[in-house]
Amino acid sequence: LIVVREALRELNLSETNFNPRAVLATISKAKNELRGPEEYAAEAADFWSGVVKKVYPLYQRKLAESMAVDFDDLIRLTIRLFQENPAVLAKYQERFKYIMIDEYQDTNHAQYVLVHLLAQKYRNLCVVGDDDQSIYGFRNADIRNILDFERDYPEVKVVKLEQNYRSTQNILKVANEVIKN
């Protein structure tokens with residue numbers, strides 16, 4: 001957030017008019033979609049994205065000058081490393097022959113790509129999730145990851161856990177009504 005504030009100041013953009021948290025959230029969304037500053041700028045079509053396209057490259061430059069990355073870059077840069085260096089990817093595919101992900105319905109696109117790269121050799125991927133429980137859309141979770149899982153991994157064995165041992169019948173009834181609507 002501090003780096004975004006610095007970038008806004010350097011661009012003479014007021015924090016009152018351009019909330020740093022909102023700018024950072026927009027940059028985060030772009031990174032989770034694996035769009036760097038150039039890709040984001042090419043698609044910027046409205047006033048807000050026009051502002052963010054100015055901040056995003058400056059934000060990245062300031063991070064680089066500080067020899068820092070943000071959380072989203074940890075995944076984005078790892079994907080780039082794997083895509084550009086097959087030998088590095090192969091090393092980590094050997095290290096992670098079996099992968100399990102809980103709450104898969106709340107993963108974003110970048111997380112999907114990272115897991116797909118790691119699992120593509122052995123395809124020993126176990127995910128646990130429920131599309132009815134996806135709650136992190138505001139954090140860029142992509143429900144398509146779980147909805148398309150059987151298409152992406154046709155050899156999958158689906159095990160449905162339909163018995164709930166943690167909740168009372170009243171809680172389940174209310175939850176099912178919410179899901180139904």
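Excluding residues fewer than 8 places away in the same chain, name every one of the aspartates and glutamates whose C-alpha is closer than 15 Å to that of Lys180.
Straight-distance partners of Lys180: Asp130, Asp131, Asp132.
The stretch 127-181: Rg/Rh from Cα coordinates, Kirkwood Rh?
Checking Rg against Rh, the ratio lands at 1.02.
Compute for the stretch 45-123: radius of gyration divided by Kirkwood radius, i.e. Rg/Rh, restricted to C-alpha atoms, rounded to two decimals.
Ratio value, two decimals: 1.08.
Please list log₁₀ I(q)/I(0) at q = 0.18, 0.21 Å⁻¹ for the stretch 1-73, using the Debye equation with identical point scatterers on the alpha-carbon positions.
For the stretch 1-73 at q = 0.18, 0.21 Å⁻¹, log10 I(q)/I(0) is -0.62, -0.86.
Please identify every one of the GluC sites (Glu not before Pro) in the stretch 101-160 that sits in a loop by DSSP and has no more than 11 other beta carbons within 10 Å of its own beta carbon.
Qualifying residues, ordered by number: Glu155.
Return the label of the correct value of semi-axes √(5λ) of the Cα gyration tensor in Å, as calculated from the structure shown, out of (1) 35, 25, 13; (2) 28, 21, 15; (3) 32, 19, 17.
Read-out taken from this structure: (1).
Please list 69-76, 6-13 highest first by mean number of surrounding beta-carbon atoms within 10 Å per residue.
69-76, 6-13
What's the center-to-center distance, using Cα atoms, between the stretch 79-135 and the stretch 1-29 in Å?
Result: 31 Å between the Cα centres.
Percent of alpha carbon pairs in the stretch 96-158 separated by more than 19 Å?
23 percent
Taking the chain as a Gaussian network, Cα atoms linked when under 10 Å apart, which of Leu34, Leu63, Leu118 shows the biggest mean-square fluctuation?
Leu63
Which of the lysines could a cross-linker bridge to Lys62, judged by Cα under 28 Å and excluding same-chain residues fewer than eight apart?
Partners found: Lys29, Lys31, Lys53, Lys54.
Which Rg and Dmax, in Å, describe the Cα atoms of the stretch 58-100?
When restricted to the Cα atoms of the stretch 58-100, Rg and Dmax are 13.3, 39 Å.
Each value in this text was obtained by applying a stated rule to the coordinates, not by laboratory testing. Keep in mind it's a predicted model, so treat the numbers as computed, not measured. As a convention, Cβ positions derive from the backbone with ideal geometry for all residues, glycine included, and neighbour counts pool all protein chains shown.
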